[in-house]
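I have a structure I would like to understand better, so I am pasting it below and will then ask my questions one at a time.
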Amino acid sequence: MVGSLSPAANSTRFLYVYDTVMHGFAAELTVDEARRLSNTPGVTGVFKDKAVHLHTTRSPAFLVLDKDSGIWPDTDFVDGIIIGFVDSGIWPESPSFNDIGLTPVRPSWKGWCADGERFNASMCNNKLVGARTFTAGAGTHTEWLPGRNEAHDFQSPRDKDGHGTHVASTAAGSEVPGANLFEFASGTERGVAPKARVAMYKACGPMGFCSMSGIAAAVDAAVKDGVDVLSLSFGSQDHDFYKEPMSTALFGAVRAGVFVACSAGPDASSLRNVAPWITTVGAATMDWVFPASDTLGNGQVLTGQSLYDVTANRTDFVRLLPSACTAKDLVPDRIMGKIVVCAGDLGADASFGAAVQKAGGSGLVSVATQDWRMEGLVVQAFTLPAVSLSAREAEKLAADVRS
C-alpha cells in the first residue's frame, strides 16, 4: 500500500498509524496519490482530513447526587474507573486533579504522562494518570484565521484553551472545598465521578480546532491504554458519520468494550455526533442564577444577572447607547462618569466592561438583543458595576430611554 505512493512519500509525511480501533494511517498526500491509494485493493476508503470544533459547582446537586446515599456511595464515588478525555489538554495544577485519598491506579493501566512544553510527567498523580498529545494535524486547519500566528499552543498536554480542563473537572474532578468565583457560588466543588481517574489525550490545537486524524489517533491510543470511558466534547455538522474516521474509531472503541459519550453540541437547532453506537449527551439550563437589578428613572426595576457585587447608588448617571461598544464609541469625553449600554446579539462580555472602565465609564448595562442559543443570559464577571439584561428586559429599558 505504502509502495503505491511516490518516492517522495517518506516517513516525515506520515502523521499517525492506527492499529487498535481501526487499521489505517494518516499522511500528507497529493490529490493524485490519494486517488491512486483509494483504488488500491484492500483499501476501504481514503478521507480528506477535516476540522471539528470544541463545544464550553452546581451540577451534582442539580442532578440530585447525594454523598450519603444512592449511586455515589454505592459505587464509592466511581473509584477506579478511568475516563479518557479527547480534548484541548489539561492544567495539572488545578485543585480539581488532586489525588487526596486515592489509591494507585490499577496495574493493568498502560497509559502514561508525556513530558513537553511547561508540562512534566511528574505533574501526574493517582488522579491524573495519563496525558499525551495528538495535535500534529490540528494547526493546518487554522492557517486562514485572523490572529493565527499569535495563537501559540503548548507543545505538550498542557491546556492553552481551558476547555479540556473544564470538561475533565466537570466529569471527574476531585473534591475541592471552598471553591468560588469572586466570592460567588461558594461551596465544595466536585465532578460527577469524583474518584474516577483522568487520562487526557490532547487532540485540539490552537483556537479550539481539532483534526479528525488526531482525534482518531487519540481514541486509538486511549483504547490501547485501557480506558473504561471516552468523553469527547466536540463534533461536526456532517451527519454522514459512516464516512468519518472519528465515528469509525469510536465504533472500534465500543467494540473493545469502552463506553463512549459525546456532546450533542451547543446549539438547540443542530445535533452533532449522531452515530448510533455513541451515547450523545445534551445539556440543560442550570437552576442557578446570579441576580442583579437596574432601577430606571421611573422607578421600574429590571432584573438581570451579574458577577459584580458592589452597588452603584448614584442616580444621576446618563445612559449612552453605543450599539457595540467599539473603541470609536468609547470616547472618554462622551462616557466619563456615565453608565454605558452595550447592545448586541449576545450582549457584552467581560472585555467590553474593561474597555468601558478604561474609558472612564462608571457602569455598564449589557443588553442581549436575542436569547443566547435559546438558553437565556450568559452571566459575566465584570470589573465595574454592571448588569446583563435579557432581550425581554432590554425592551423595557429601550422604552424608558425613548420616553
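FYI, it's all coordinate maths here, none of it is from the lab. None of the values given here were measured: they were computed from a predicted structure. Here the Cβ is made from the backbone with ideal geometry for all residues, glycine too, and neighbour counts use every protein chain on show.
May I ask for the distance between the Cα centers of region 152-201 and region 12-55, given as a whole number of Å?
Taking the Cα centre of region 12-55 as reference, the centre of region 152-201 is 34 Å away.
So, in nm, how far is label T326 from label N126 when the simple model puts each one 7 Å beyond its Cα toward the Cβ?
Output for this residue pair reads 5.7 nm.
What's the ranking of 395-401, 363-369 by average number of surrounding C-beta atoms within 10 Å, highest first? Please report the intermediate quantities before stating the final value.
On the way: 395-401: 14.9, 363-369: 24.1.
The most tightly packed comes first, giving 363-369, 395-401.
Next up: Full extension from A283 to S186: what is 0.36 nm times the residue separation minus their Cα-Cα distance, to one decimal in nm? Kindly include the intermediate steps, with their values, before the conclusion.
On the way: separation 97, 0.36 × 97 = 34.92 nm, distance 2.29 nm.
Going from the current span to full extension adds 32.6 nm.
If you don't mind, there's one more thing I want to ask. Within the set K202/K224; K338/K396; K67/K195; K50/K110; K328/K396, which residue pairs have Cα atoms separated by over 24 Å?
Working: K202/K224 16 Å; K338/K396 20 Å; K67/K195 12 Å; K50/K110 29 Å; K328/K396 27 Å.
Pairs exceeding 24 Å: K50/K110; K328/K396.
Also, quick follow-up: Place the peptides 120-129, 225-234 in order of packing, highest mean first, counting for every residue the other Cβ atoms within 10 Å and averaging per peptide. Don't skip to the end; give the middle numbers.
Numbers: 120-129: 18.0, 225-234: 23.0.
Top of the packing list down: 225-234, 120-129.
If I model a spin label at R13 and L63 as a point 7 Å from the Cα along the Cα→Cβ vector, what separation in nanometres do I get?
Modelled inter-label distance: 4.6 nm.
Quick check: pseudo-label points 7 Å beyond the Cα along Cα→Cβ at S293 and H23, how many nm apart are they?
Computed distance between label sites S293 and H23 equals 7.0 nm.
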